[in-house]
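*Asks:* Structure provided below as C-alpha cells; questions to follow.
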C-alpha cells in the first residue's frame, strides 16, 4: 500500500508539473501572439503615414538652385525631374526662367507664351515683361508686367520690376505705388532696397538714398551703379509711359539689356545674392 501511495504521489506531481508546463507554454504563446499583433499594427500604422514626397523635395531643390543663379545646372535637373515625374506648368515655368537667364530668349518666349493660359500665367507674363525689357521694348515690358501684377497683386518681385521699368521710362509718379507696395511686402529684399534707393535719388532725396544703402550693406560698386542709373534716367527726361509713341520712339526708349538674365534689375545686383553679403534688417 505504501508503494502504491508513493506511485500515486509521483503521478500526481508529474501531472501537476505537466499542467504547469502547459500553462507556461500557453502563456508564452499568448504573449508572442500579442507582441506579433502589436508589431503588425505598428507596421500598418507606419505604412499609413505619408511617405517623404521625393517629387516635391526635388522640385524645391531645383528652385533653390535657381535662387542661387545656377540656371544651367537647374536645366539638367529639370530634364531629370520630368523623366521621373512628368511635366507640369510649374516645372515648365522654371525651365522658361532658366532659358531666359541663360540667354535663350526665343525659346524662353515660346515657353512663356504657352503658359499664359495655365496656373503659371502670372509668372509667364512676368517673364515676358523681362524679355521685352532685355530687348529694349519698354512699352511692352510695362504692359506685360502690369498684366502679371493684375494676376498676382502681392508678388513683390513683379511690383519691384514694374516700378523699375516705370522709373527708367521717366514716370516716377507711376513708379511710386508699386515700389512702395514692394517695399512693404518685402522690406528686406536687396533688389527692392536698391530700387527704393534709386527712387530716392531721382526724387533728390540723396541723404535718404545713401542712408538706406549703407544700412542695407549694399556694396560700393553696386551703389556706384545705382548712381549711374539715376544719372542716365535723369538725362533722359520725363515721358509718361501711357503716352502714345511712334515706332521710332519705341526703338529709342531702351531699357538696359541685362546679360545675366535678371531682367529689369540693376546689372550689378547679382552681387547682392552672394552668400557672403548679408544685409542687416532695416529695423535694427
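The values are calculated or read from the model by the stated rules, or taken from the named source; none is laboratory data. Just so it is clear, the structure is predicted and the values come from calculations on it, not from any experiment. Cβ coordinates were reconstructed from backbone atoms using ideal geometry, including for glycine residues, and neighbour counts include every protein chain displayed.
*Asks:* Taking residue 157 as the residue in question, decide whether it is within 16 Å of the chain's Cα centre (by Cα), part of a helix (DSSP H, G or I) and assigned by TED's automatic domain parsing to the domain that holds residue 217.
*Replies:* The answer is yes for residue 157.
*Asks:* Sticking with this one: Can you confirm whether residue 182 is under 26 Å from residue 121 (Cα atoms), at pLDDT 95 or above and surrounded by fewer than 23 Cβ atoms within 10 Å (Cβ to Cβ)? Working first, answer last.
*Replies:* Details: under 26 Å from residue 121 (Cα atoms): yes; at pLDDT 95 or above: yes; surrounded by fewer than 23 Cβ atoms within 10 Å (Cβ to Cβ): no.
Spelling it out, it is not the case that residue 182 is under 26 Å from residue 121 (Cα atoms), at pLDDT 95 or above and surrounded by fewer than 23 Cβ atoms within 10 Å (Cβ to Cβ).
*Asks:* May I pose another question? Within segment 73-94, take every residue that is more than 19 Å from residue 110 (Cβ to Cβ) and in contact with a helix residue (DSSP H, G or I) (Cβ under 9 Å, 6 or more places away or on another chain) and give me the one that is surrounded by the most Cβ atoms within 10 Å (Cβ to Cβ).
*Replies:* Going through the qualifying residues, I end up with 81.
A quick yes/no check of all residues on (1) closer than 30 Å to residue 115 by Cα; (2) at pLDDT 95 or above; (3) out of contact with any strand residue (DSSP E or B) (no Cβ under 8 Å at 6 or more places or on another chain); (4) not in a helix (DSSP H, G or I):
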| site | (1), (2), (3), (4) |
| --- | --- |
| 150 | yes, yes, yes, no |
| 167 | yes, no, yes, no |
| 170 | no, no, yes, yes |
| 177 | yes, yes, yes, no |
| 234 | no, no, yes, no |
| 243 | yes, no, yes, yes |
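*Asks:* So which residues in segment 179-193 are in a helix (DSSP H, G or I) and touching a residue at least 24 places away in the same chain (Cβ under 8 Å)?
*Replies:* 181, 182, 185, 190, 191, 192, 193, listed by residue number.
*Asks:* Listed residues 137, 106; which is over 22 Å from the mean Cα position of the chain (by Cα), at pLDDT below 95 and farther than 14 Å from residue 195 by Cα? Give the steps one after another, and end with the answer.
*Replies:* On the way: 106 fails: at pLDDT below 95.
After ruling out the rest, the residue left standing is 137.
*Asks:* For a quick check of your reading: which helices (runs of 4 or more DSSP H) sit entirely within segment 71-134 and have at least 3 residues that are within 12 Å of residue 59 (Cα to Cα) and without any contact (Cβ under 8 Å) to a residue 24 or more places away in the chain? Step through it out loud before you land on a result.
*Replies:* Working: elements: 71-85, 89-101, 105-114, 121-134.
Qualifying helices (runs of 4 or more DSSP H): 71-85.
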